[in-house]
């Protein structure tokens, strides 16, 4: 196999010294982590390496020598460097050399057969791969296939070649602590030599964040304690809380805020602020409610006439139509009674909208539910009537054929009826059959309206779920520091001259956005539809009531 | 050492294959696809604008024309950025892996690197496409759970 040497780009301009790193025998690759400069005492170097090895469980050793020549090749330095090979024995021993001011590198890897027989040493082909140490240190590799039973332990000989390289660099933090500018026994050169990052503002912010977080955490715990004791005590209140999606969202938001302001570090979605449009909303609400009521009245007038050319039973039609019209009239009076107070109520409720866009959307969904409450009532009336009619029809149809439903055995049995029972049964059956179109039409119209409202509410909840589960932190990280989330690496061949070793540049290939969202998606407070399409159709046909799918009250453990 | 040859793809467009050898352990193959022609571009633009003008005469709304221009521009940008591949490169590095790079007409490059440890075999596969049988090169990847199985088939050179 071809020998590979992973060399950090920051050490390319360092002075001559010893190469320190890890040798991976399975892939025949050497990962260079730092360069130790002259002068040094071999014992101290060995001590430092033993310390680092103990702290990080990475087998760090001296891999070879690095020579950065000024002008002419210096013979004395060459012999000195070869002599070092005898002190720090390592197979194979790398000798990297670079002429200053030019791009030509040379690299030799020799295998010492023993301390006496120098002549029997062999030389292998070496490939130099440059990598950016800081980026590889901070990056996290996302393999394409995630194995569920792979254990991340302290196994040093882990997965495929590149994962081992990333692993080595990430675990060798202990080696990067002292620098060549520090006063120590050993002077090292690595990515920190290019300049340690620091900023006064960042430091001040870090100092101030601690007490502020503590204060906010205390406040939030008080609020959550207060809300916890109220909700579960009074029955009407707890019923309303569970029905309103706003409260669900508020609870969610409270949990998130507690998490953010706690002193633990975690990945969180950021809050989205929204402008206050309460005044406009309040002005718009009353005309909208009026408009909806007017449309409903037109609809009922149409039904009371001859809708779509169908001939309805006049008496039943009039009764149902008048009943629903009176209902609408009551509702409109109620709305007009409340209109002076609506703006103030909305303003107070809208204050909570500063907790985020999702809370505002939930408030919108609840407002829609309240405004269309009469449609919900009509749907319930129509559905109950239709349901009764269908049940009556089916039972009388069984009588027509001479059968009966056995409640004890839960099946249909034959039964002998008397003549008068049969007569009255048949009469009632005929009446119900002929009144069926009228009831069915009312039921159909109101069911469609109700389904429309449920669809709109469902869409809003889907949107809220989407916003809640979007991993904004990860997306921001992918946008600003793409090297942190790596899907893999890419190689580029650098300038090549014949006779010199092959040089490649290894860069980090960032994760595509779709995979970021997929991997880091937050758990949604999932509202999945409870019914399949088949059962939904069956319920609609028989007139059973359909409840909207946002039954989040049941916690799934 | 460079080498250039010319072939034609299944639709009749002209392809150019370039081969470079950097060192005994590193080879690169570069395949250039046929460019977008002025004729096809003009044809598509004219069709879209004629349709928009037809709608405009029906509806008398001038927003349709500006919407058509918008759609043409966005569609062209999207096509160049996401669909139209300019050239593809295959870089084979001994004992390290295989790297495939696709460069799109707008300059976007998308790279995939497969480590040598994951590659099981490189084969030529047949497929039935419309009324023809075409041959394509693909890499078989090892299945991590089953050592003799195959987890993925990666076609090269879209």
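Values computed for the structure shown
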| read-out | value |
| --- | --- |
| Projected-area average for segment A:298-339 over all orientations - Cα convex hull basis, square nanometres | 3.0 nm² |
| Spin-label zone in segment A:415-442 - amide nitrogen under 11 Å from a point set 7 Å from the Cα of residue A:409 along the C-beta vector | A:415 |
| Cα-based equivalent ellipsoid, chain B: semi-axes from gyration tensor eigenvalues, Å | 41, 19, 16 |
| Helix axis angle, B:63-78 relative to chain B longest principal axis, alpha carbon, degrees | 10 degrees |
| Two-site label geometry, residue B:79 and residue A:497: point separation in nm, points 7 Å out along Cα→Cβ | 4.8 nm |
| Reference-scaled alpha-carbon Rg (2.2 N^0.38 Å with N residues) for segment A:318-366 | 1.68 |
| Peptide B:21-32, shielding by other chains (average Cβ, 10 Å cutoff) | 3 |
| Burial ordering of A:66, A:207, fewest other beta-carbon atoms within 10 Å first | A:207, A:66 |
| Helix axis angle, B:38-59 relative to chain B longest principal axis, alpha carbon, degrees | 40 degrees |
| Ranked list, fewest to most other Cβ atoms within 10 Å of each Cβ, for A:453, A:35 | A:453, A:35 |
| Alpha-carbon Rg with Dmax, taken over segment A:336-476, Å | 25.0, 81 |
| Convex hull projection area averaged over all views, segment A:1-54, Cα basis, nm² | 4.6 nm² |
| Distance between modelled label sites at residue A:251 and residue A:177, nm, 7 Å Cα→Cβ extension | 4.7 nm |
| Residue exposure sequence - A:541, A:94, A:88 - by fewest surrounding Cβ within 10 Å | A:541, A:88, A:94 |
| Per-residue average of Cβ from other chains inside 10 Å of A:209-220 | 0 |
| Inverse of mean 1/r across different Cα pairs in segment A:396-549, Kirkwood, Å | 23.1 Å |
| FRET efficiency, residue A:286 to residue A:377 (Cβ-Cβ, R0 25 Å, nearest 0.05) | 0.80 |
| Stokes-Einstein D (µm²/s) once Rh is taken as the Kirkwood radius of segment B:19-82 over alpha-carbon pairs, at 25 °C in 0.890 mPa s | 165 µm²/s |
| For segment A:394-462, alpha-carbon Rg relative to the globular expectation (2.2 N^0.38 Å, N residues) | 1.74 |
| Contour minus Cα-Cα distance for residue B:7 and residue B:87 (0.36 nm per residue) | 27.4 nm |
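Where a number appears in this text, it was derived from the coordinates with a stated rule and is not lab data. Keep in mind that this is a model prediction, so the values were computed, not measured. Every residue, glycine as well, gets a Cβ built from its backbone with ideal geometry; the counts of neighbours run over all protein chains shown.
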